[in-house]
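The values are calculated or read from the model by the stated rules, or taken from the named source; none is laboratory data. None of these values were measured; they are calculated from a predicted model. Counting neighbours? That spans all protein chains shown, and the Cβs are built from the backbone with ideal geometry, glycine included. Remember, those area values only see protein heavy atoms, side chains included, never the ligands or the DNA or RNA. Shrake-Rupley method; radii C 1.70, N 1.55, O 1.52, S 1.80 Å.
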Amino acid sequence: MGAPVITAAALRSRTGRKILTGALLIFALVVALLLTPLVAIPFAIAGGTASAVPTKVDAAPVASGEWGFPLAGGYSKGRGFGYHPVQGCGYCSTNHQGYDMAQGCGATIYAAGPGRVITSGSWQGYGNAVRIDHGDQVVTLYGHMQWGSLRVTVGEEVAAGAPLGAEGNTGKSFGCHLHYEVQKSGTPVDPEPFMAGLGLQLK
């Protein structure tokens, strides 16, 4: 049996179908290219809007007058003010000058009262820290925050509840927590009676 004979008409028909298919494919690609911005731009805008919405919304800290807690919601208490050695931590001071509180790594730390930021960054053994001058020789210190998390700069005026940064484990620290310190005339004082006097009872 011999090979089938392809007539010139059949060959022209096949070639025409291939050309037509190729032309339709090119036309579809051109249309897709022209329509892409009309579809992609709204999705890009919607995506940008969606990613700007925070996935976790922190409640505002409890406040009393112009002052509030440096954490919003519940927290666990660590070392209080005074003699508090830490087992297994050779560099942790035994004479603790503040009040340790924790919600977990990354929790938002807030300004406890209104004032002017005088430190924002590395500070002595406190790691990444913020200090706020509240006037009348009262300064609060927020220590051991995560590197890169600070939201305030030196000289900035803040109100109670202003986000300062995120709970971390920087400096002479033994696990994620906030070291909250109150100083009067340059001397650390016990934060518990200080805050209680403002109507804010620490644990």
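What the table below lists for this structure:
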{"read-out": "Residue count for the stretch 113-167, restricted to those that are among the charged types (D, E, K, R), over 18 Å from the mean Cα position of the chain (by Cα) and surrounded by 19 or more Cβ atoms within 10 Å (Cβ to Cβ)", "value": "1"}
{"read-out": "Lone qualifier among Gln183, Gln146 - being closer than 16 Å to Trp67 by Cα and among the polar types (S, T, N, Q)", "value": "Gln183"}
{"read-out": "Qualifying position, being open to solvent by less than 10 Å² (accessible area, probe 1.4 Å), under 15 Å from Gly68 (Cα atoms) and in a strand (DSSP E or B), among Met195, Met101", "value": "Met101"}
{"read-out": "Residue within the stretch 174-189 that is part of a loop (DSSP other than H, G, I, E, B), under 18 Å from Pro61 (Cα atoms) and in contact with an Asp or Glu (Cβ under 7 Å, 6 or more places away or on another chain) present", "value": "no"}
{"read-out": "Residue among Ser64, Ser122 that is closer than 18 Å to Leu200 by Cα and out of contact with any helix residue (DSSP H, G or I) (no Cβ under 6 Å at 6 or more places or on another chain)", "value": "Ser64"}
{"read-out": "Considering residues of the stretch 172-192 that are open to solvent by less than 30 Å² (accessible area, probe 1.4 Å) and aliphatic (A, V, I, L, M) only, the residue nearest to the chain's Cα centre (by Cα)", "value": "Leu178"}
